[in-house]
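The values are calculated or read from the model by the stated rules, or taken from the named source; none is laboratory data. Bear in mind the structure is a predicted one, so any value in this text is a computation, not a measurement. Note that we place each Cβ from the backbone using ideal geometry, even for glycine, and neighbour counts take in every protein chain shown.
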Amino acid sequence: MTEASLPPLPQIGPVTRRPPVGGPPRTWQTGTVVEIRDETPRMKTFRLSLAEGAVHVPGQHLMVRLTAPDGYTAQRSYSIASAPGEGSEVELMVERLVDGEVSGYLHDELRVGDSLEVRGPFGGWFVWNGRSPALLVGGGSGVVPLMSMLRHHRAAGITQPMRLVVSVRSPEDLPFADEYAEETTLIFTRRTPDGWARPAGRLDAATLEPLLIDGATAYVCGSTGFAEHASQLLVSLGAPVGSVRVERYGPTS
């Protein structure tokens, strides 16, 4: 998919992961698992082939629904990690949570060839269509929607400046470890690789300030604590409040 064929960037609106008022834009469809990759000991990527297709904008997410034999259902939203394509396949990365009802099933039971019910894509706030510079700041599994943006930037040959900051506890906690290049700054908060120049520690202003891009929209995604810390750093360094878009995730399982 080319930059020109992506939908226009939606207008700023409420930050939400709920389906929009009036119902979702798509009905449930079947996604067949065609590949499963281990990203870290607690994170897996699931590549799905979609029966009806679903073209997304980087930063959007899909709803996943599980239905038990007795009719009980559980559904969760997962950010899309893949770049937009023709819409026939999509990648979701799922972190296994302690006592996670849905994430535990996906990690332990789902196999290549199995099917999932999915719906979407959703999201009109935390999205990037490639028409402006972007500073991406992700903590842990919060890097997933940012990876969709980075992959799109590369695949479409977009020339707008982009920088990515990824903060994780240790090298073993780093998803998509073989995909980062010169646009990426890695932050290890508890343990670094041997010989790493920056000591272990939280993202700070000294690290973030040289990465600022004039006129960029900043996309911050991670836990509530990380998202608040990173967004406050950006504003303190002079980023306009209206240029910082934040997506937080909680203990949804």
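To keep it simple, each residue is scored yes or no on (1) in contact with a helix residue (DSSP H, G or I) (Cβ under 9 Å, 6 or more places away or on another chain); (2) of a type in the set (Val, Ile, Thr); (3) closer than 22 Å to residue 127 by Cα.
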site: 31; (1), (2), (3): no, no, no
site: 35; (1), (2), (3): no, no, no
site: 41; (1), (2), (3): yes, no, no
site: 50; (1), (2), (3): no, no, yes
site: 61; (1), (2), (3): yes, no, yes
site: 64; (1), (2), (3): yes, yes, yes
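Just checking, does the range 196-210 include any residue being surrounded by 19 or more Cβ atoms within 10 Å (Cβ to Cβ), in contact (Cβ under 8 Å) with a residue 60 or more places away in the chain and in contact with a Phe, Trp or Tyr (Cβ under 9 Å, 6 or more places away or on another chain)? Steps first, please.
Start the filter on the range 196-210 by keeping residues that are surrounded by 19 or more Cβ atoms within 10 Å (Cβ to Cβ), which leaves 203, 208.
From what's left, in contact (Cβ under 8 Å) with a residue 60 or more places away in the chain: 203, 208.
Restricting the remaining residues to those that are in contact with a Phe, Trp or Tyr (Cβ under 9 Å, 6 or more places away or on another chain) gives 203.
Checking the range 196-210: at least one residue is surrounded by 19 or more Cβ atoms within 10 Å (Cβ to Cβ), in contact (Cβ under 8 Å) with a residue 60 or more places away in the chain and in contact with a Phe, Trp or Tyr (Cβ under 9 Å, 6 or more places away or on another chain).
Since residue 139 meets every condition but one in (1) more than 20 Å from residue 48 (Cβ to Cβ); (2) within 12 Å of the chain's Cα centre (by Cα); (3) in the same structural domain as residue 46 (by TED's automatic domain parsing), which condition does it not meet?
Of everything listed in (1) more than 20 Å from residue 48 (Cβ to Cβ); (2) within 12 Å of the chain's Cα centre (by Cα); (3) in the same structural domain as residue 46 (by TED's automatic domain parsing), residue 139 misses just condition (3).
Scan the range 144-155 and give yes if some residue there is surrounded by fewer than 18 Cβ atoms within 10 Å (Cβ to Cβ) and part of a helix (DSSP H, G or I), otherwise no. Lay out the reasoning, then the answer.
To start, the set of residues in the range 144-155 that are surrounded by fewer than 18 Cβ atoms within 10 Å (Cβ to Cβ) comprises 154-155.
With part of a helix (DSSP H, G or I) added as a condition, the list becomes 154-155.
Yes - at least one qualifying residue is present in the range 144-155.
Suppose we filter the range 85-115 for residues that are surrounded by fewer than 19 Cβ atoms within 10 Å (Cβ to Cβ), among the hydroxyl-bearing types (Ser, Thr, Tyr) and not in a loop (DSSP other than H, G, I, E, B); how many remain?
2
Only residues that are small (Gly, Ala, Ser) and under 22 Å from residue 89 (Cβ atoms): list them for the range 136-176, please. Let's see the steps before the verdict.
Filtering the range 136-176 for residues small (Gly, Ala, Ser) gives 138-142, 148, 155-157, 167, 170.
Within the range 136-176, 141, 148, 155, 156, 157 meet the criteria.
Examine the range 179-189 for a residue that is assigned by TED's automatic domain parsing to the domain that holds residue 241, over 29 Å from residue 131 (Cα atoms) and either modelled with pLDDT of 95 or more or not small (Gly, Ala, Ser) (or both), and state whether such a residue exists. Walk me through how you get there before you give the answer.
Residues of the range 179-189 assigned by TED's automatic domain parsing to the domain that holds residue 241: 179-189.
Now narrow it down to the ones that are over 29 Å from residue 131 (Cα atoms): 188-189.
Now drop any that are not either modelled with pLDDT of 95 or more or not small (Gly, Ala, Ser) (or both), which leaves 188-189.
Yes, there is a match, as at least one residue in the range 179-189 is assigned by TED's automatic domain parsing to the domain that holds residue 241, over 29 Å from residue 131 (Cα atoms) and either modelled with pLDDT of 95 or more or not small (Gly, Ala, Ser) (or both).
Okay, residues lined up against (1) in a strand (DSSP E or B); (2) over 29 Å from residue 92 (Cα atoms):
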{"position": "187", "(1), (2)": "yes, no"}
{"position": "209", "(1), (2)": "no, yes"}
{"position": "213", "(1), (2)": "no, no"}
{"position": "221", "(1), (2)": "yes, no"}
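Within the bounds of the range 225-233, is there any residue that is surrounded by fewer than 14 Cβ atoms within 10 Å (Cβ to Cβ), in contact with a strand residue (DSSP E or B) (Cβ under 8 Å, 6 or more places away or on another chain) and without any contact (Cβ under 8 Å) to a residue 12 or more places away in the chain? Step through it out loud before you land on a result.
So in the range 225-233, the residues surrounded by fewer than 14 Cβ atoms within 10 Å (Cβ to Cβ) come out as 225, 232.
With the extra rule that they be in contact with a strand residue (DSSP E or B) (Cβ under 8 Å, 6 or more places away or on another chain), the set shrinks to none.
For the range 225-233, residues surrounded by fewer than 14 Cβ atoms within 10 Å (Cβ to Cβ), in contact with a strand residue (DSSP E or B) (Cβ under 8 Å, 6 or more places away or on another chain) and without any contact (Cβ under 8 Å) to a residue 12 or more places away in the chain: absent.
Only one of these conditions is not met by residue 248: (1) outside any loop (DSSP other than H, G, I, E, B); (2) modelled with pLDDT of 95 or more. Which number is it?
(2)
Every residue in the range 205-242 that is hydroxyl-bearing (Ser, Thr, Tyr) and within 25 Å of residue 60 (Cβ to Cβ), please.
If we filter the range 205-242 for residues that are hydroxyl-bearing (Ser, Thr, Tyr), which is where we start, we get 207, 217, 219, 223-224, 231, 236.
217, 219, 223, 224, 231 - these are the residues of the range 205-242 that are hydroxyl-bearing (Ser, Thr, Tyr) and within 25 Å of residue 60 (Cβ to Cβ).
Is at least one residue of the range 100-119 modelled with pLDDT under 95 and not hydroxyl-bearing (Ser, Thr, Tyr)? Before you say what the answer is, go through the steps one by one.
Within the range 100-119, the first condition is being modelled with pLDDT under 95, and the residues that meet it are 100-101.
Those still in the list that are not hydroxyl-bearing (Ser, Thr, Tyr) too: 100-101.
Yes, the range 100-119 has at least one match.
Checking residue 162 against (1) closer than 30 Å to residue 31 by Cα; (2) over 15 Å from the mean Cα position of the chain (by Cα); (3) crowded, with 21+ Cβ neighbours inside 10 Å: exactly one of these is not met. Which one?
Only one criterion in (1) closer than 30 Å to residue 31 by Cα; (2) over 15 Å from the mean Cα position of the chain (by Cα); (3) crowded, with 21+ Cβ neighbours inside 10 Å is unmet by residue 162, namely (1).
Those residues that are under 30 Å from residue 157 (Cβ atoms), in contact with a Lys or Arg (Cβ under 8 Å, 6 or more places away or on another chain) and either without any contact (Cβ under 8 Å) to a residue 60 or more places away in the chain or of a type in the set (A, V, I, L, M) (or both), I need them from the range 61-91; list them, please.
Correct list: 62, 81, 83, 89, 90, 91.
I'd like the full set of residues that are in a strand (DSSP E or B) and farther than 18 Å from residue 128 by Cα, limited to the range 156-178. Reasoning before the result, please.
Step one: filter the range 156-178 for residues in a strand (DSSP E or B), giving 162-168.
The answer is 167, 168.
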